[in-house]
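All of the numbers you see were taken from the coordinates with simple rules; none came from a lab. Every value quoted in this text rests on a predicted model; they were computed, and no experiment measured them. Methodologically, a virtual Cβ is constructed for each residue, glycine included, from the backbone with ideal geometry; neighbour enumeration extends over all protein chains shown.
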Amino acid sequence: MVKRLEKREQLGKVWYTPITQDREEAVEKKLRLLHGSFFGKPIVKFEVNARKDVYVPYCYLVYHFHAERGILFRKNGLEKVGDAGVIFDLNEAHPFQYDVYESGGLKLTKKIAGSLKRTALPAGISQQQMQEQTEEYIQDKIMKRFYGRPGQLELKKQQYFFRPAVELQIVYKNGAVNKRYAYLDDFGVESEHILGLKYRVENNF
């Protein structure tokens, strides 16, 4: 899958989320989030060693699900079908929940990669591993949580895309070095991970 993404980038046939955030403002928001705050003072101390404009690889997946709560409930028609959306971070290899019902389909723009002055990061996970982790995530976080048991899943849509970001090389006081990303699209800082990309199930029983 890594080679596939790189080939698509070279050909220019790649989807992106458009840049909507000011670069410096997005970086400052991300740094404040990383620092934390206690009565207005930062909790975590670190230095930013380097900044780099990049495109981070992601995949948008939508699964159709069917869930039920046992044979006795089926007689009363208490079955649930719907769509579960997931955004998968191919760089750090982990999924996010995406609210299909509230947010609708993910809005992407097709651009010519060669005209963009950013480095496209490679995917760090195979397609098979991504799908396995995504299905496990949906079963644990949605099916079992809302319905108490696994559901039947069918892949409905799979779309690779890139998110514009500023890669920050963070150096902590103990010498540890880590990379963090200030995103420049509509998700921004507020919509990352547990802060915004959430899933809601309609008419859960």
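Observations, loosely collected:
- Spin-label model distance (nm) - LYS107 vs VAL48, 7 Å beyond Cα toward Cβ: 2.6 nm
- For the stretch 21-31, Karplus couplings with θ = phi - 60° (6.51, -1.76, 1.60), whole Hz, Gly/Pro x: 10, 5, 4, 5, 5, 5, 5, 4, 4, 5, 5
- Look at LEU31, LEU184 and count the other Cβ atoms within 10 Å of each Cβ; fewest to most, that gives LEU31, LEU184.
- Near the amide H of LYS111, within less than 5 Å, lie the amide hydrogens of VAL14, TYR16, all on another chain or at least 5 residues away, with H placed in the peptide plane.
- Residues HIS94, HIS64, arranged from fewest to most other Cβ atoms within 10 angstrom of their Cβ, appear as HIS94, HIS64.
- Exposure proxy shown here: for GLU167, GLU136, the number of other Cβ atoms within 10 Å sets the order, fewest to most, as GLU136, GLU167.
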